[in-house]
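Structure record follows, encoded as structure tokens.
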Amino acid sequence: MKHAMILGWLGFALALVGGRQALRGPVGQVRQRAIRLRRVTERDAAAWARMRCALWPEAAEAEHMGEIADYFAGTASEPQAVLVAETASMLVGLAELSVRSTAEGCTTGRVAYLEGWFIDRDSRRQGVGRALVAAAEDWGRQQGCREFGSDTQAENEASAAAHRALGFEDAGLVRTFRKDIRPKKRGNAR
Ligand SMILES: CC(C)(COP(=O)(O)OP(=O)(O)OC[C@H]1O[C@@H](n2cnc3c(N)ncnc32)[C@H](O)[C@@H]1OP(=O)(O)O)[C@@H](O)C(=O)NCCC(=O)NCCS
């Protein structure tokens, strides 16, 4: 099945061309339709928000829009770069990137990090996620990083499988916790 699909895709290339800042490196996959990878621009704000809402539905759209506005204003601490994948008519995927000083399982102090990775449902399993990660790795190299970190929710088996298929090693599961530390009432402080 897979070989038949790949043969059917021959003759079509996944183009990796630059936006304002060109991403370098060839993408050697042959694919069903041309996909262009580039940096996000302000004109992508609505599509970026749509994909963020699908990836992180626990946050309200207004919150996503606020963080997107901060990114374009240059006031967001992360993401530090956002790569998008587009067809002739629409954006179909994104990779949000940062550089972290520590990351689970990593030993260097400057780790390129895949903060968000999303491909529209209709465009999955066609190599778009792989191409975005390859471009993200190039971005990380350009930032002087020698390691690339990522995470996903424990139950997201598809994401874990995709990470492994792209050469990520499992760095273990981390359980996270939170509690409110509201201001103490007067006279109660110790
Ligand atoms: C995870 C995700 C980004 C992968 O994108 P994609 O475009 O489908 O990935 P690709 O087609 O480039 O596949 C890359 C590799 O991962 C593997 N893979 C992708 N989806 C898979 C799945 N559901 N199960 C098993 N393997 C999978 C592919 O087989 C491929 O390996 P191969 O080239 O050796 O065959 C996409 O499924 C997605 O957006 N999921 C929802 C959001 C999410 O979970 N994001 C990650 C957490 S932040």
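Things worth noting here:
- Qualifying positions in region 55-93 - surrounded by 12 or more Cβ atoms within 10 Å (Cβ to Cβ) and assigned to a helix (DSSP H, G or I): Leu55, Glu61, Glu63, His64, Met65, Gly66, Glu67, Ile68, Ala69, Asp70, Tyr71, Phe72
- Residues satisfying the stated conditions in region 146-176, i.e. surrounded by 10 or more Cβ atoms within 10 Å (Cβ to Cβ) and within 20 Å of Arg121 (Cβ to Cβ): Thr152, Asn156, Glu157, Ala158, Ser159, Ala160, Ala161, Ala162, His163, Ala165, Leu166
- Val174 vs. criteria within 16 Å of the ligand (Cβ to nearest atom), under 13 Å from the mean Cα position of the chain (by Cα) and of a type in the set (Val, Ile, Thr): no
- Residue pairs meeting the criteria (Cβ under 7 Å; at least 6 apart or on separate chains; first assigned to a loop (DSSP other than H, G, I, E, B), in region 120-139; second more than 7 Å from the ligand (Cβ to nearest atom) and among the β-branched types (Val, Ile, Thr)): Asp120/Val92
- Scanning region 88-110 for residues that are in contact with a helix residue (DSSP H, G or I) (Cβ under 8 Å, 6 or more places away or on another chain) and within 16 Å of the ligand (Cβ to nearest atom) turns up Met90, Leu91, Val92, Gly93, Leu94, Ala95, Leu97.
Every read-out reported here was derived from the displayed coordinates using simple, explicitly stated rules and does not represent laboratory data. Keep in mind that what you see is a predicted model, and the values were worked out from it rather than measured. Note that each Cβ is placed from the backbone with ideal geometry, even for glycine, and that neighbours are counted across all protein chains shown.
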